[in-house]
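Student: Quick one: the structure is below, and I'll ask about it shortly.
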Amino acid sequence: MGSSSLAYSFSNNNLSFLSNLNTSSKSTPLPASPSSVVFRRVNTTNSLSQKGSSSSRPAKNESLSKLPIRKIPGDHGIPFISPTKDRLDYFYFQGRDLYFASKVQKYKSTVFRTNMPPAHFIASDPKVIVLLDGKSFPVLFDMDKIEKKDVFTGTYMPSTELTGGYRVLSYMDPSEPSHAKLKKLIFFLLSSRRDQVIPEFKNSFTELFKTVETELAAKGKADFGGPSDQACFNFLSRALYGANPVDTKLGRHGPKLVSKWILFQLGPLLTLGLPWLLEDALIHTFRLPPCLVKKDYQKLYDFFYEASSWVLDEGEKMGISRDEACHNLVFTTCFNSFGGMKLFFPNMVKWIGRSGPQLHKKLAEEIRSAVKSNGGKITMGVMEKMPLMKSVVYEALRLEPPVPAQYGRARRDFVVESHDSAFEVKEGELLFGYQPFATRDSRIFDKGDEFVPERFMGEEGEKLLKHVLWSNGRESDDPALANKQCAGKDFVVLASRLLLVELFLRYDTFESESAKSALGVSVTIKSVKPASF
């Protein structure tokens, strides 16, 4: 999913302070086409090769902005000392959201310079330009201005020893020859298995619900995260590869192996709840040795190598070695897809649980009515007839995107605009966008801090989809070989819709509670009411 780190979670701090900086009237969003049914035709034109190099164009010639040009506020401070202080503020003394909010207030700007962790000794250059509003953030999707080489996790890149010695697709820029071939292979995988997605999701998540119900009966409450992780891994393996991990040597160990492997890549961006001095020294100052997870990763690789022989055959036809193709499949399936679901599904359940029985009743009525009208069959087409369900998924993606951080390096000099000012960016500078601020922008979204289930319903709601940015692109755009938008964008939306459909076909309502965890949020189900109509 996407092209940035999955290591971030988001606390529910109110972001209304942003509105204090936005003094002009709220602009009306331009119309955008609604998201269509999953697995659309993909644009396979490599627009970078058509445009050619534009690095010599000065910023003043490419900007038609009438906004005042302002020097980017902020600085990077004293080498070593300031990046260390910023890292401690970011993780411990302020926390991520207050870290950004305090700088917005200090500089009176949603665009500014600062340092991003982990800094030394993992990342040699922590300096970034931060973009925190909904107008400036999308420049990170402009491949004419932005290079995406080796910035998937930000200011550092994990060792390629964790991915078989290869730089996998997520770390490649579209201008690199291997990018198009590898992304095309992912499109081939998704297209080839599209008919298996809905039935395998139902099978895997029926197992999840039975596990939750059994635990509820025995203990009076049930963990959602662990069973959800197992269901997600089983679903991805069965739907995409036709392999059931429980019937192989991997058994039920897949989710734990994946989580451990992800930790070794994203440790520098996580907080684990340890005493801060110990934790900062352990995972933020030096890299965890890849050798400690080598055997675990080999088990995952062996499973996917055996299960994906038909995909590897196609990769060879494209000029990709079987070994490189398999390492990319492991990363796409385990890091991007499983990692994204591991973060997003509990968050979506959290928001819906907090909304209470009234929303649950509306969802149950809409979902059951649409499915009944289709002869009891769940299809992509019938889900398009569930506007509230679709809106709820988009609203959860807006509020708590599974890929909230995006990075990109300036290919050339250009001008980036916030709502009120324009800023000159120089070639080679690293830009960082924190999406949960951009997608709660009060100049774009009314009540941007709140979960509004009906936000994306109707013609006006669909126009707002261009401002839902979770997939390293706009929700109204399509993945293509020449961009870095998530190849599985529509697959993820489909899976998220299926979770709500299966949930409210089975239950009238449920009660839950949530708490922060190292990789997002932990959700506990306290009660469920079986479907009564």
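The values are calculated or read from the model by the stated rules, or taken from the named source; none is laboratory data. Remember, predicted model here, so these are calculated numbers, not experimental data. Positions of Cβ are generated from backbone atoms using ideal geometry, with glycine treated the same way; all protein chains shown enter the neighbour counts. SASA here: full protein model, heavy atoms, side chains in, ligands and nucleic acids out. Shrake-Rupley method; radii C 1.70, N 1.55, O 1.52, S 1.80 Å.
Student: Can you give me the accessible area per residue for the stretch 420-495, using a 1.4 Å probe, in Å²?
Tutor: 28
Student: For the stretch 87-123 and the stretch 168-219, what is the centre-to-centre distance using only Cα atoms, to the nearest Å?
Tutor: 34
Student: 5 Å is the cut-off here: which amide hydrogens, built 1.01 Å from N in the peptide plane, fall below it relative to Glu147, excluding neighbours closer than 5 in sequence?
Tutor: For Glu147, whose amide H was placed from the backbone, the distant partners under 5 Å are Arg409, Ala410, Arg411.
Student: State whether the chain is rounded, prolate or oblate according to the following rule on the C-alpha gyration tensor (a ≥ b ≥ c being the square roots of its eigenvalues): a/c under 1.5 gives rounded; otherwise a/b larger than b/c gives prolate, and the remaining case gives oblate.
Tutor: It is rounded, given that a/c, with a ≥ b ≥ c, falls under 1.5.
Student: Starting from the Cα of Asn244, step 7 Å toward the Cβ, then list every residue of the stretch 300-328 with an amide N under 20 Å from that point.
Tutor: Within reach of a label on Asn244, which here means backbone N under 20 Å from a point 7 Å along Cα→Cβ, the stretch 300-328 contributes 303-309.
Student: For Asp323 and Leu98 in one chain, what is 0.36 nm times their gap in residues minus the Cα-Cα distance, to one decimal in nm?
Tutor: Between Asp323 and Leu98, full extension yields 76.6 nm more.
Student: In addition: How many nm separate the modelled label positions at Thr160 and Glu429, each set 7 Å beyond the Cα in the direction of the Cβ?
Tutor: So the label points at Thr160 and Glu429 sit 3.1 nm apart.
Student: Residues of the stretch 353-383 with backbone nitrogen within less than 12 Å of a virtual label 7 Å along the Cα-to-Cβ line of Leu216, please, listed as ranges.
Tutor: Answer for the stretch 353-383: none.
Student: Classify the stretch 280-359 from the C-alpha gyration tensor, please: rounded if a/c falls under 1.5, else prolate or oblate depending on whether a/b exceeds b/c.
Tutor: oblate
Student: Shifting gears a bit: Under the 0.36 nm per residue contour assumption, what length would be gained going from the current alpha-carbon distance of Asn374 and Leu292 to full extension?
Tutor: Between Asn374 and Leu292, full extension yields 24.4 nm more.
Student: In deg cm²/dmol, rounded to 500, what helix-only [θ] at 222 nm does the chain give when every DSSP H run of at least 4 residues adds -39500 (n - 2.57) and the total is split over its residues?
Tutor: Value at 222 nm, helices only, nearest 500: -12000 deg cm²/dmol.
Student: A further question follows. How much of the accessible area of the chain, in percent, comes from carbon and sulfur atoms when a 1.4 Å probe is used?
Tutor: Answer for the chain: carbon and sulfur cover 52 percent of the accessible area.
Student: What ranking, highest mean first, results for peptides 133-142, 294-303 when packing means the other Cβ atoms within 10 Å averaged over each residue?
Tutor: Final packing ranking: 133-142, 294-303.
Student: Label His120 and Ser192 with points 7 Å out from Cα along Cα→Cβ: what is the distance between them in nm?
Tutor: 4.9
Student: A further question on this structure: From the cross-link list Lys127/Lys463; Lys106/Lys362; Lys295/Lys529; Lys127/Lys466; Lys135/Lys390, which pairs have alpha carbons spaced over 32 Å apart?
Tutor: The pairs that break the limit, which is 32 Å between Cα atoms, are Lys127/Lys463; Lys106/Lys362; Lys295/Lys529.
Student: Could you let me know the centre-to-centre spacing of the stretch 139-155 and the stretch 388-458, using Cα atoms, in angstrom?
Tutor: If we compute the Cα centre of each part, the gap is 15 Å.
Student: Highest mean first, how do 493-499, 320-326 rank when packing is the count of other Cβ atoms within 10 Å averaged over residues?
Tutor: The peptides rank, most packed first, as 493-499, 320-326.
Student: When the Cα centres of the stretch 305-372 and the stretch 495-511 are compared, how far apart do they sit, in Å?
Tutor: 16
Student: Sticking with this structure for a sec: By how many nm would the segment from Arg252 to Glu460 grow when fully extended, if each residue of separation counts as 0.36 nm and the alpha-carbon distance is taken off?
Tutor: Length difference between fully extended and current span is 70.4 nm.
Student: Continuing with this model, one more query. Answer rounded, prolate or oblate for the stretch 303-450, using the Cα gyration tensor with square roots of eigenvalues a ≥ b ≥ c: rounded when a/c is under 1.5, else prolate when a/b is larger than b/c, else oblate.
Tutor: Verdict is oblate for the stretch 303-450.
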